[in-house]
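Presented below is the structure to which this report refers.
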Amino acid sequence: MSTVDAASPAAPAGPPAGDAPATADIARILLADPPPARPTAWSASVTFGWRAVLKIKHVPEQLFDVTLFPIMMTLMFTYLFGGALAGSTTAYLQFFLPGILVSSIAMITMYTGVSINTDIEKGVFDRFRTLPIWRPAPMVGYLLGDLLRYLIAAVVIVTMGLVLGFRPAGGLAGVAAGVAVLLVFCFAFSWVWTMFGLLLRSEKSVMGVSMMVLMPLTFLSSTYVDPATMPGWLEAFVEVNPITLVVDCVRSLCAGTPDAGELVAVAAVSAGFVAVFGPVTMRLYNRK
Amino acid sequence: MTSSSPPAIEARGLVKTFGSNRAVDGVDLTVAPGTVYGLLGPNGAGKTTTVKLLATLLRPDGGEARVFGHDVAAEPDTVRGLISLTGQYASVDEDLTGTENLVLLSRLLGHSKARARSRAADLLDAFGLAEAAGRQAKGYSGGMRRRLDIAASLLSTPRLLFLDEPTTGLDPRSRNQVWDIVRAVVAQGTTVLLTTQYLDEADQLASRIAVIDRGRVVAEGTKGDLKASVGLGSVHVRLRDAARREEAAALLAPVLGSDPHRENDPVALSVRIEPGEPGSAGSATGTATAVAADRSAAALRALADAGIVVDTFSLGQPSLDEVFLVLTDRPATTEESAA
């Protein structure tokens, strides 16, 4: 864009005082840069992830849900069920901690939908949507930022567990592998919430729907008790519940007995969530 | 710009409906590159919806629009590479600081980290926001927020900049600052589509104006065209002697071509100047002004000849205000107009 010759005068304003804009500088800046190449899909997504991290920096209160909530869940159920189900809280923890790790973080994923729902109404989203970038980047960015939150929650829960007497046979490597699998699943599972965040009108309805989905999914799973103790019809549901698949997989990894079949199952379920809810989310996003 | 280059915006019969509401109902626009084009209309006229259609935020239900020759519906990604949007409500992230906002958007446009930082710093400086750079945008005043918003639109040196009501709610000083910025941007060859409900804003900045009402363009043309379409202005006189007002009114009516308006003030008269032969006003402002000056001189002479003493005399240019009222109060039957 250099059809204008450099001598064309900007506004004949005097030197700007205080907070006044300097029109001559604006002119110089506009002419200074050749347009850059477009960012890659990955780079744009990471930039949106950085935005999410900045928001955590400016509003650290939003980390309550990934710190206090998991602590509460872990303490509550360890002492509530420990004695009755396994004879002692320490014995129960060995079974329960990988489960509550998965369930707590699965619960936290619902905030993705809530924050998208409130964010999308703001003017800044109109700007994002007029940028020449990979369309899913803002959504992927949210989820990348959320992975940091999930990681914080995971560290909090595992630390709590270790303090209370959790001693995983798989060691640090096993637990780390378990957390990694969990993060992959949560990234994929969160596309359900991006969809609801865009589909529903208010933050409250997003919360409501999220709870309706998450309560049965997390409680009717292998998190708290062995599904073999359940009635047949319930066991049948629990066995196909994706949360159960993830809990079983994370449990094996923590125990140092990784199971290829479980890993494949979690990968397949994760791919399925992205394949189904990703396109629906993008349709809604483009129509919004 | 050569005449062979495509218009910055070319819209034909654009339609967007929301339920039964035809928010945009057959809008035609042609905006020449390198100019400021004003879209003037009251609240709810369809200005913002039109901008959203042109900026690829909404898909048209009918008609078509091209930005520098690229169809907004068929090639949205190409169009997005040419435009920047400053929406009606501040399109910056309030939780982030001024610097963070600009670096974020700069990165999304493909600038390297270092380049994004230096460009952000340069723009914040140029926009008088250097001191506020490290503060969250939610603490900014309306004027600062608006400047940050426009700075964010200039990170990529857009070829077409949409400014949707850029000065709504700003104090006069901030408003002037925004106007200065717009002039500086246009001076560098960027085309600006400006929506506004303020007539003086369109008057100050835009070279062509479309008046939009109920989703339709009810008038389009240069400022001169639009003003000429409602007459040549008005003559206002205050007489020394209230008793001679009727006499004066009888003298002025034939000279100026319209019936004088008797104001509440018993010595005051105001008379619209009508062109002698209808349609002879010409579309250029110069001609219209000359005609208006001739007529007023003749009017003064007529009063002087009759020995009527005039205390004050003024010739009022037709304002866009008058244009606006005439065009929008009337049922929108006059789709065609100047141009």
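For segment B:58-73, which residues satisfy the criterion of being under 22 Å from the mean Cα position of the chain (by Cα) and either on the phi > 0 side of the Ramachandran plot or facing chain A (nearest Cβ under 9 Å) (or both)? Scanning segment B:58-73 gives a single hit, B:Phe68.
Scan segment B:74-118 for residues that are more than 7 Å from every other protein chain (Cβ to nearest Cβ) and in contact (Cβ under 8 Å) with a residue 12 or more places away in the chain and the total you get is 17.
Elements of the type helices (runs of 4 or more DSSP H) sitting completely within segment A:112-210 and holding at least 1 residues that are at negative phi and within 14 Å of chain B (Cβ to nearest Cβ): these cover A:123-129, A:137-164.
Quick check: anything in segment A:131-150 over 30 Å from B:Leu155 (Cα atoms) and touching a residue at least 24 places away in the same chain (Cβ under 8 Å)? Within segment A:131-150, one or more residues are over 30 Å from B:Leu155 (Cα atoms) and touching a residue at least 24 places away in the same chain (Cβ under 8 Å).
I'd like the full set of residues that are within 18 Å of A:Ile26 (Cβ to Cβ) and either facing chain A (nearest Cβ under 10 Å) or surrounded by fewer than 16 Cβ atoms within 10 Å (Cβ to Cβ) (or both), limited to segment B:122-144. B:Asp122, B:Leu123, B:Asp125, B:Ala126, B:Phe127, B:Gly128, B:Leu129, B:Ala130, B:Glu131, B:Ala132, B:Gly143, B:Met144, listed by residue number. Could you tell me whether B:Ala151 is over 20 Å from B:Lys47 (Cβ atoms) and either in a loop (DSSP other than H, G, I, E, B) or in contact (Cβ under 8 Å) with a residue 40 or more places away in the chain (or both)? Judged against the criteria, B:Ala151 is a match. Please verify whether B:Asp200 is more than 10 Å from chain A (Cβ to nearest Cβ), of a type in the set (Asp, Glu) and either part of a helix (DSSP H, G or I) or at positive phi (or both), treating the condition exactly as stated. Considered against the rule, which asks whether it is more than 10 Å from chain A (Cβ to nearest Cβ), of a type in the set (Asp, Glu) and either part of a helix (DSSP H, G or I) or at positive phi (or both), B:Asp200 comes out as yes.
From the list B:Thr157, B:Thr168, the one residue that fits, being facing another protein chain (nearest Cβ under 10 Å), in a loop (DSSP other than H, G, I, E, B) and modelled with pLDDT under 90, is B:Thr157. Is it true that some residue in segment B:125-140 is among the polar types (S, T, N, Q), modelled with pLDDT of 90 or more and within 26 Å of A:Gln62 (Cα to Cα)? So far as segment B:125-140 goes, yes, one or more of its residues are among the polar types (S, T, N, Q), modelled with pLDDT of 90 or more and within 26 Å of A:Gln62 (Cα to Cα).
Taking (1) farther than 25 Å from A:Ile116 by Cβ; (2) β-branched (Val, Ile, Thr); (3) in a helix (DSSP H, G or I) in turn, A:Ile243 satisfies each apart from (1).
Screening A:Gln94, A:Gln62 for residues that are within 11 Å of another protein chain (Cβ to nearest Cβ) and not small (Gly, Ala, Ser) leaves exactly one candidate, A:Gln62.
Could you list, in sequence order, all residues of segment A:232-271 that are small (Gly, Ala, Ser), closer than 30 Å to A:Gly197 by Cβ and in contact (Cβ under 8 Å) with a residue 60 or more places away in the chain? Within segment A:232-271, A:Ala267, A:Ser270, A:Ala271 meet the criteria.
Inclusion of B:Leu14 among residues that are in a strand (DSSP E or B) and under 24 Å from B:Gly221 (Cα atoms) is warranted.
Looking for something in contact with a Lys or Arg (Cβ under 6 Å, 6 or more places away or on another chain), assigned to a helix (DSSP H, G or I) and buried (at least 21 other Cβ atoms within 10 Å of the Cβ) - is there at least one such residue anywhere in segment B:88-96? Scanning segment B:88-96, I find no residue that is in contact with a Lys or Arg (Cβ under 6 Å, 6 or more places away or on another chain), assigned to a helix (DSSP H, G or I) and buried (at least 21 other Cβ atoms within 10 Å of the Cβ), so the answer is no. Tell me whether segment B:9-19 contains one or more residues that are within 11 Å of chain A (Cβ to nearest Cβ) and closer than 19 Å to B:Ser153 by Cα. No, the conditions are met nowhere in segment B:9-19. B:Thr49 meets all of the listed conditions (1) part of a loop (DSSP other than H, G, I, E, B); (2) within 14 Å of chain A (Cβ to nearest Cβ) but one, namely (1). Do we find that A:Glu61 is within 21 Å of the chain's Cα centre (by Cα) and not in a helix (DSSP H, G or I) in this structure? No: the conditions fail for A:Glu61. The set of residues in segment A:38-52 that are within 7 Å of chain B (Cβ to nearest Cβ) and among the hydroxyl-bearing types (Ser, Thr, Tyr) contains only A:Thr47. In segment A:3-37, how many are at the interface with chain B (Cβ under 8 Å from one of its Cβ atoms), modelled with pLDDT under 70 and under 25 Å from B:Leu82 (Cα atoms)? Total satisfying the criteria: 7. Does A:Val238 satisfy being on the phi < 0 side of the Ramachandran plot, of a type in the set (Val, Ile, Thr), in contact with a Pro (Cβ under 8 Å, 6 or more places away or on another chain) and assigned to a helix (DSSP H, G or I)? Taking the combined requirement at face value, the residue satisfies it.
A:Lys55 meets each of the listed conditions (1) surrounded by fewer than 18 Cβ atoms within 10 Å (Cβ to Cβ); (2) among the charged types (D, E, K, R); (3) within 14 Å of chain B (Cβ to nearest Cβ) apart from (1).
The values are calculated or read from the model by the stated rules, or taken from the named source; none is laboratory data. Keep in mind that what you see is a predicted model, and the values were worked out from it rather than measured. Heads up, the Cβs are rebuilt from the backbone with ideal geometry, glycines too, and the neighbour counts pull from every protein chain shown.
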